Structures are given as structure tokens and as C-alpha cells.
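No lab work stands behind these numbers, since they all come straight from the coordinates. The structure presented is a predicted model; accordingly, all values stated were derived computationally and were not measured. Heads up, the Cβs are rebuilt from the backbone with ideal geometry, glycines too, and the neighbour counts pull from every protein chain shown.
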Amino acid sequence: MKKFEAKVIVMPSENLPDPEGMAIEKTVSPLYDGLISQIRCGRNFQLTVHADDREQADLLLHDICKKFLANPVTEQYAFTISELSSR
């Protein structure tokens, strides 16, 4: 079995407002003369996945994200997978 490092980013859906991001933007933007805008806040997860191959790791991650890490009604997710070298 191989080991993979996965990095998952969960963000509010693009079509929904992000109150936390809007609150931060309201504070930050004036401090930088409006050079900062459209702040959106999300969550990051890093985990190790044990799987036979990258395809199985990908399927496991989609399942975990849909069931536990992201609310499919209000959030979207994306992830990267890197195989860890066996030492």
C-alpha cells in the first residue's frame, strides 16, 4: 500500500456570500487604500491517505470531502495529492 499526502481546501460556494471574508475585507481594504478586495475565508486540511494507487486515493478523498470536510450545499472543495516516497 502506498502513502499519499493530500491537501484539501474548502471554500464557501462562489454564489453565496461569505460573511467572514466580507468582515475581514471591510477592515483590511481601507488600510491598504482599496488595493485588497474580494476576500473569502475557507479551511485547509492536510492528511495522509493509504491507498493502492493514486486513483483509489482520489476516490477516498472525494468521499471524505463530501461526507465530512465540506458541506456540499454551501461549500466547494479542491485537493492535491502527492505520493510520499517510501524510505
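Quick notes on this one:
- The residues 33, 53, when put in order of fewest to most other Cβ atoms within 10 Å, stand as 33, 53.
- Estimated from the Cβ-Cβ distance and a Förster radius of 41 angstrom, the FRET efficiency linking residue 47 and residue 26 is about 0.80.
- Most mobile listed residue (71, 44, 15) in the chain, GNM with C-alpha springs under 10 Å: 15
- Projecting the Cα atoms of 23, 48, 61 onto the charge dipole of the chain, computed from C-beta unit charges around the Cα centre, puts 48 farthest toward the positive end.
- If the Kirkwood radius is taken over C-alpha pairs of region 2-83, then at 10 °C and 1.306 mPa s the Stokes-Einstein diffusion coefficient equals 111 µm²/s.
- Computed from phi, the 3J(HN,Hα) profile of region 41-56 under the Karplus parametrisation 6.51, -1.76, 1.60 (θ = phi - 60°) reads 9, x, 10, 10, 10, 10, 8, 9, 10, 9, 8, 5, 7, 4, 4, 5 Hz, with x in place of Gly and Pro.
- FRET E, pair residue 66, residue 39, Förster distance 22 Å, beta-carbon r, rounded to 0.05: 0.25
- Straight-line cross-link partners of residue 3 among the lysines, defined as a Cα under 23 Å from its Cα and at least 8 positions apart when in the same chain: 66, 67.
- For the chain, the 222 nm mean residue ellipticity estimated from helices alone, with every DSSP H stretch of n ≥ 4 adding -39500 (n - 2.57) and the total spread over all residues, rounds to -8500 deg cm²/dmol.
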